[in-house]
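To start, the structure under review is shown below, and the notes come after it.
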Amino acid sequence: MSEIVTRFAPSPTGFLHIGGARTALFNWLYARHHGGCFRLRIEDTDRVRSTDAAKQAILEGLVWLGLNWDDDPVYQSQRSERHTEAAQRLLSEGRAYQCYCTPEELAEMRAQAKTAGRSARYDGRWRDRDSSDAPAGAKPTIRFKAPKGGETVVDDKVQGLVRIANSELDDMVLLRADGTPTYTIAVVVDDHDMGVTQVIRGDDHLVNAARQQQLFHALGWPAPSYAHIPLIHGSDGAKLSKRHGALGVEAYREAGILPAALRNYLLRLGWSHGDDEIISTEQAISWFDLDSVGRGAARFDREKLLSLNGHYMRESDPGFLADMVMDRLEKSQGTLGSIARDRVRRAIPGLIARSKDISELADKSAFYVAERPLVPDGKAARLLDDSGRKLVTLLAVYLDKLDDWQPAALENAVRTFAEREEMKLGAVAQPLRAALTGSTASPGIFEVLAVLGRDESLARMGDVKI
RNA sequence: GUCCCCAUCGUCUAGAGGCCUAGGACUCCACUCUUUCAAGGUGGCAACACGGGUUCAAAUCCCGUUGGGGACACCA
């Protein structure tokens, strides 16, 4: 059996969005599963819309997601000679022809077809017309002489047998009037030259597959196998696009989503393996196949992504998470001193289960490194009324005598204090929490005390003294 | 409009004729744990779009309807 080759072929006109990321993931998984090759092709032939920034964002997005490609990326714009050559060959073999229609003429043709209730397509008026009829000085486009009768069948690995009447497929332009090749011929030539055996891409290309198969046939090359995966929809059920709520993967990265979580989420969006939800990359590689790809479009659900992310965070190394949190904290509040860094490091394990992404983790860490005196939020301020402050002050005096500032000893001391005051632990813990964290929700209060350390804890308690 | 694709809880999905009184996950709700908030544990609400067939038997097969999506460029 020859080697499996897949490819991901984004056009660099925007960032790598969630749909593209999933397409890349499926291609990558398929190639890895079969021990084949996953290649990258940048379809940058649209010079006006393609940007270097977008290209960069796509490559970085793939790297961040851990989808490493094989060989060097192919840049479509650098291969136009090959594309033109193929089109010229079709022309010389009589499988393509020159068309002198003006854009206005074509627009009118489409309008008429539409009102007549037909598919808007080129009617082939120059197909058999002699070039000597050409208007003087006009430059022709080169069009493919598509088969007229019968149908083209795409044996799609996801959608099944898709039959399209050839009358629905018009003679597409291969070379523009200025001589540059179009996407249609470029993809076919590139897929062939790159040795692509399995194309996996969005559903929106399904009809293109029929056209491309015709071109492969005309060129005398074997066509790759196709698999068209359903698109990802936004929460409103419409195709996700840049102007429609689609975010680039870097947005998820910035929000503090872990690559493993995004991979797992994207994998389950449209593909399944029984009831499995948490799927490691190793399992994904060994289980992935095209048979289990669903055929209906899926809606993007942020809640589920977040829940998965929470799971992966709990499985992550706390030190690794701490580094990411510190980067964020330093970005928002400047360089952290060694005491602050040490506090964050010790605080992270107790914060992980309380956060669903890294930015939330950073937010929840902030009180540990905040400058005194803390500004309590509304609920915390209410806990720190006169009696609350008095209580905290009394407790501070009591804790000041403690030698061992470890969680167990602190708990013991605070419980004893509460008993002596004939109060429930919670009644003591809440005002203390308010004084220590400025909030009513935090990790266990004894842990907070311990991480903050004796001096800082006592100082924060002193700050609320009447 | 024409062509193509799709259709199970709100969402992602399991289900390839009897195992389905339809399973799992997210969300939501309750309980539990508990110093708060989470996480964890337990339980609950919640779906086969509709109409015809085929069959002893249909969520599963066929046809139609409806609904949704996509494609219809000298863009990719």
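Worth pointing out:
- Mean residue ellipticity (222 nm) of chain A, computed from DSSP H runs ≥ 4 via -39,500 (n - 2.57), nearest 500: -15000 deg cm²/dmol
- Anisotropy class assigned to the stretch A:65-146 is oblate, per the alpha carbon gyration tensor with a/c at or over the 1.5 cut-off and a/b no larger than b/c.
- Prolate/oblate/rounded call for chain A, Cα gyration tensor, a/c under 1.5 rounded: prolate
- Partners of A:Lys356 within straight-line reach, counting aspartates and glutamates whose Cα lies under 19 Å from its Cα and excluding those fewer than 8 residues away in the same chain: A:Glu250, A:Glu254, A:Glu277, A:Asp301, A:Glu303, A:Glu315, A:Asp317, A:Asp323, A:Asp327.
- Within straight-line reach of A:Lys465, meaning a Cα separation under 19 Å, sit the following lysines at least 8 residues removed in sequence or on another chain: A:Lys379, A:Lys390, A:Lys401.
- Two-decimal ratio, the stretch A:1-82, of alpha-carbon radius of gyration to 2.2 N^0.38 Å: 1.09
- Across chain A, Cα pairs under 8 Å and at least six residues apart give a relative contact order of 13 percent.
- Computed magnitude of the charge dipole of chain A (debye, nearest 20; Cβ of K, R +1, Cβ of D, E -1): 820 debye
- For the stretch A:323-368, the relative contact order comes to 47 percent (Cα pairs under 8 Å, sequence separation of at least 6).
- Stretch gain in nm, segment A:Ser92-A:Glu108, where the contour uses 0.36 nm per residue and the Cα spacing is subtracted: 2.8 nm
- For the cross-link pairs A:Lys55/A:Lys364; A:Lys114/A:Lys157; A:Lys304/A:Lys364, the ones whose C-alpha atoms lie over 24 Å apart are A:Lys55/A:Lys364; A:Lys114/A:Lys157.
- Residues A:Ala366 and A:Asp276, FRET efficiency given R0 of 35 Å [Cβ-Cβ distance, rounded to 0.05]: 0.45
- The distance between label points at A:Asp317 and A:Arg47 comes to 4.8 nm (points 7 Å beyond Cα on the Cα→Cβ vector).
None of the figures in this text is laboratory data; all of them are computed from the coordinates on show. Keep in mind it's a predicted model, so treat the numbers as computed, not measured. Here Cβ is always computed from backbone atoms with ideal geometry, including for glycine, and neighbour counts include all displayed protein chains.
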